[in-house]
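Asks: Would you mind keeping the following structure in view while I ask a few things?
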Amino acid sequence: MGKIYNEITSELTSWVQKQHVFFVATAPSAAGHINCSPKGLDSLRILTPQTVAYADLTGSGAETIAHIRDNGRIVLMFCAFEGPPKIVRFHGTGETVLPGTTLWKELAPKMHLKPSTRAIILIHVSRISDSCGYGVPIMPFVEDRDVIDRWVETKGIENLSAYRREKNARSIDGLPTAEFE
């Protein structure tokens, strides 16, 4: 049923680009909380057959960034909610790319960034696999939410840095995240 791929093929790329949501999972090295977060809003880009990146938006926490800083391990999972059943996973190591860095300047033009983007998560993919997805329900896509955009408008883009320093400095287990501006 499942298949292992040597690289992200053009067929996988085409399929992944049609998915409206994907999930990111990370975990700390020591005992602590495993994190799994849904992502969407056209945030993912496949950069090479072994490299992907997504725009990491300001949120109530920063678990992925803390776990990447701790051990780098990350997995992305994509599910077909429409069409034939399928699940695809990209396992690898992540890197947090912050605004103002050389790598940010290289990656940013390739990404769909929003005013709420706090980082780009760059993933060096080491294992690519698919599985059946027979248990995933069919759920037609209606539309992307605009809640984060409205939240930023209300909060004010000039206040995001302070919010990140206050709310995103540590994971729920107390691990440090990043030095947000």
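Asks: Take the cross-link list 39/105; 86/167; 105/167 and give me the ones stretching past 29 Å between alpha-carbons.
Replies: Working: 39/105 22 Å; 86/167 36 Å; 105/167 26 Å.
Result: 86/167 exceed 29 Å.
Asks: Once you have the Cα-Cα distance between residue 142 and residue 173, take 0.36 nm times their residue separation minus that, and quote the gain in nm to one decimal.
Replies: Details: separation 31, 0.36 × 31 = 11.16 nm, distance 3.53 nm.
Contour length minus the Cα-Cα distance gives 7.6 nm.
Asks: What do the square roots of 5 times the Cα gyration tensor eigenvalues come to for the chain, in whole Å, largest first, as semi-axes of the equivalent ellipsoid? Kindly include the intermediate steps, with their values, before the conclusion.
Replies: On the way: eigenvalues 144, 72, 53 Å².
That gives 27, 19, 16 Å for the three semi-axes.
Asks: For residue 3 and residue 153, what is the calculated FRET efficiency with R₀ set at 35 Å and r taken between the beta-carbons, to the nearest 0.05? Could you put the intermediate results ahead of the total?
Replies: On the way: r = 44 Å, r/R0 = 1.26.
Working from the Cβ atoms, E equals 0.20.
Quick note: the coordinates plus some simple rules give every number you see, no bench work behind them. Every value quoted in this text rests on a predicted model; they were computed, and no experiment measured them. Quick reminder, even Gly has a Cβ in these numbers, built from the backbone with ideal geometry, and neighbours come from all protein chains shown.
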